[in-house]
Amino acid sequence: MSQRYHVVDRPDSRAPLDPRKLAQVLAQDGQLLLPMLDLIEHAEAAVDDLIDVMGRATIEAVLLMSAAGVAGPKQQGKRADRDVVYHGSQAGRVALKERQLRVTKPRLRKRAPQSGEPGEVEVPAYEAMRKDGRLADRMLEILIAGVSTRRYEHVLPEMAETVGVSKSEVSREAIEAGERLLKGLAERDLSGPDILAVWIDGIQLGPYHVICAVGVDADSHKHVLGLREGATENSAVATALLEDLVRRGLDPERRRLFIIDGAKALRAAIDRVFGADQPVQRCRNHKLRNVTGHLPKDQHEQAKATLRAAFKLDAKEGMAKLEQYASWLEHQWPDAAGSLREGLEEMFTINRLGLPSLLRRCLGTTNLIDNGHSAARDRMRRVRNWQSGSMALRWTAAAFDAASKGFRRIIGYEHIWMLKAALEEPAKDRSLVQQAVAG
């Protein structure tokens with residue numbers, strides 16, 4: 001059904017609005033802008049908040065008002081008797097979070113500068129806007145979101161007279177912001193949260209490896225603990241990562257659960273830094289991949305079903321079932337049998353601790369940290385040329401920092417107290433329990 005529309009036409013609707021005239025109007029009747037001016041000059045408000053409201057005209061109005069606070073209001077046709085006078089206008093740039101905005105700002109000069117004294121007088125609001133240091137951080141966020149420097153200009157909102165930033169400047173700012181993130185992570189104090197479980201796994205970026213450690217505290221909250229360039233198979237790198245965690249406050253005397261991918265060097269590093277009494281859980285998903293990697297495709301489903309069923313049993317019975325399955329595999333696929341038997345006891349650590357199945361789902365694999373790796377790969381999928389290990393480390397730090405903002409509590413968080421109770425069980429009682437489990 002057709003509808004009638006009432007169209008209102010303005011006499012000047014075809015004439016484009018001059019932002020400079022609008023800025024002058026706002027500056028002349030700017031009572032509503034005075035609180036904003038005060039906040040900006042004292043570095044308490046973000047310039048972007050103004051841009052979202054009224055755009056570049058508002059920024060220029062603020063600059064006019066700030067200049068009037070120094071040189072007084074402009075008086076048309078009159079020569080003001082002041083020490084600071086207006087001297088026309090000049091182009092300038094204001095740094096926003098993701099771009100630089102070209103503005104026209106008033107130019108102020110001293111009427112009679114002393115010998116050796118600069119004649120130019122800066123507009124306070126303009127100086128405050130120029131010193132906004134969040135530009136680099138916002139650029140890094142855009143890069144981490146998957147936009148390379150070559151496509152930077154395509155993600156910027158369309159805005160009159162907005163200028164882009166060069167690719168080299170984006171890269172330079174990204175490196176600086178990445179270094180700040182990495183430094184902040186490396187100096188983070190770990191003595192506060194009571195970390196009960198630590199996941200350690202590595203990610204490969206081009207020819208470089210980065211080891212990542214993520215922990216969960218007694219309230220089921222996740223924490224990015226540390227990063228180190230190198231592979232989990234490198235004993236020196238793994239040891240250095242764990243020693244750094246201790247240096248920053250992770251108590252080595254506190255008994256906690258470690259979930260790892262099965263690397264022998266990493267396992268040895270845990271014993272060396274935290275002691276052999278620490279319970280270690282091997283990732284069950286890694287074990288599934290390792291075993292099926294030695295089997296023909298038609299045997300994959302049976303292997304997965306067998307292992308998953310065994311993981312649901314208590315430790316003694318589950319290990320017996322898998323040993324029986326390994327004996328069957330040995331006749332035709334001895335490598336698969338050997339892979340299954342390797343580290344078999346540590347596949348059932350969480351079962352020995354008496355934890356409920358919902359909590360075991362989270363503690364039985366390195367999925368918690370693998371999800372962070374997946375998010376990192378998604379953000380870094382456009383990077384093709386990894387120039388150095390430090391570059392891989394910076395990008396991983398930035399990706400995990402972005403992912404940590406969306407961290408939620410772990411699956412089975414309501415049972416985390418049971419893990420804490422099991423870890424705090426006296427050593428004497430633990431030895432009795434282990435003897436009973438072993439028969």
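Values in this text are rule-based calculations from the coordinates and carry no lab data. Predicted model, so just to flag it, every value in this text is computed and none were measured. Cβ placement follows ideal geometry from the backbone for every residue including glycine, while neighbour counts extend to all protein chains displayed.
A crude spin-label estimate for the pair His300 and Ala186, with each label 7 Å from Cα along the Cβ direction, gives 4.1 nm. Placing dummy labels 7 Å off each Cα toward the beta-carbon, the span from Trp386 to His221 is 3.2 nm. Taking amide H as placed 1.01 Å from N in the peptide plane, His87 has its amide H under 5 Å from the amide H of Arg107, Leu108, Arg109, each at least 5 places away in sequence or on another chain.
Taking amide H as placed 1.01 Å from N in the peptide plane, Gly249 has its amide H under 5 Å from the amide H of Leu190, each at least 5 places away in sequence or on another chain. Compared with the alpha-carbon gap, the fully stretched path from Asp314 to Arg254 is longer by 19.0 nm at 0.36 nm per residue. Amide H contacts under 5 Å for Gly206: none, restricted to partners 5 or more places along the chain or on a different chain, H placed in the peptide plane at 1.01 Å from N.
Residue separation of Glu345 and Arg109 scaled by 0.36 nm, minus their Cα-Cα distance, works out to 77.0 nm of gained length. If R0 equals 45 Å, the separation of the Cβ atoms of Lys321 and Lys405 corresponds to a calculated FRET efficiency of about 0.60.
Determine the dipole magnitude for the stretch 252-359: charges of +1 sit on the beta-carbon of Lys and Arg, -1 on that of Asp and Glu, nothing else is charged, the reference point is the Cα centre, and the result goes in debye to the nearest 20.
I would put it at about 360 debye.
Over 20 Å apart at the Cα level, from the set Lys264/Lys297; Lys264/Lys420; Lys264/Lys287; Lys222/Lys405, are Lys264/Lys297; Lys264/Lys420.
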